[in-house]
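Structure, as structure tokens:
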Amino acid sequence: MTPIRIAILIDGGFFIKRYNYLYNKGKTKTPEEVVDHLYTLAHSHCGKKNHLYRIFYYDCLPFGKRVHNPVSKKCIVFENTPEAVFRKKFFDLLKQKRKVALRLGYLKDMGDWKIKSHKTKQLLNREITIDDLTADDVIYELRQKSIDMKIGVDIASLSLKRFVDRIVLISGDADFVPAAKLARRKGIDFILNPMKAHVDNSLFEHIDGLESPVIYTKKKTNSDQAK
């Protein structure tokens, strides 16, 4: 079989969420571990005979504003939160990896706090009152911007210029469908990896295959730990 060129496109927000659900059980993974696992996952889609064209990773820069939690009244510095610190280190490590292109969007500040959905339901059912809410029951509303556009533009560019023979998209968002249609019309083999998340049946007509390989990680031996 003739080797083919493969591009891996990863929706970062989706990847981190599914990765935490599938693999972050018990002990929280370090940025170094997650980057290595991401790299392993990407290469698993290529095999040993095909060529990895590039890994495109799409995410947003951490939010840096200071806001006051309406319940606790405490000031939250978002750029110092564990998630922001993790992502900064994670992005720095990704930049150092061979054949990785980092595509960064931004988080739009919606300027408001929202009560989490399950707590809203309890409030409406009069199971709790406003006085029962804690600081963890509210979230500051932020929305990703430019990520879907960047993914769509890259799919179109890779397809129209015939840089690759296959595109693997790691995502669970149906917004990719128009770009997938274009790629398939240009003869690109389009594979979706939802990382074992549910995929609506209507999406199957717009892809050429569904793959969710397991990330196999090497356990450290005594000799590895001694290095």
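Please treat every number below as a calculation from the coordinates, not as lab data. Keep in mind the model is a prediction, meaning the values are calculated, not measured.
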task: With the Cα gyration tensor of the chain in hand, convert its eigenvalues to equivalent ellipsoid semi-axes via √(5λ) and list them largest first in whole Å.
output: 35, 23, 17
query: Could you give the radius of gyration (one decimal) and Dmax (whole number) of the Cα atoms in region 66-113, in Å?
result: 14.7, 45
- prompt: aspartates and glutamates near Lys161 by alpha-carbon distance under 18 Å, same-chain residues fewer than 8 away left out - which ones?
  reply: Asp189
- request: Anything over 21 Å Cα to Cα? Flag those among Lys150/Lys181; Lys25/Lys196; Lys88/Lys196; Lys65/Lys145, in the order listed.
  value: Lys88/Lys196
message: Largest first, please: the extent of the C-alpha atoms of region 2-49 along each principal axis, to the nearest Å.
response: 43, 19, 16
Solution diffusion estimate, µm²/s, Stokes-Einstein, region 110-176, Kirkwood Rh from C-alpha pairs, 25 °C, viscosity 0.890 mPa s: 156
task: Report the semi-axes of the equivalent ellipsoid for region 33-115 in whole Å, largest first, where each axis is √(5λ) for an eigenvalue λ of the Cα gyration tensor.
output: 35, 12, 11
field: Amide hydrogen neighbours beyond the local backbone of Val100, cut-off 5 Å, H modeled
entry: Ile55
message: I need two numbers for region 60-172: Rg to one decimal and Dmax as a whole number, Cα atoms only, in Å.
response: 19.3, 59
- line: Connecting every pair of Cα atoms under 10 Å apart in the chain and solving the GNM, the largest mean-square fluctuation among Lys95, Lys196, Lys27 falls on Lys27
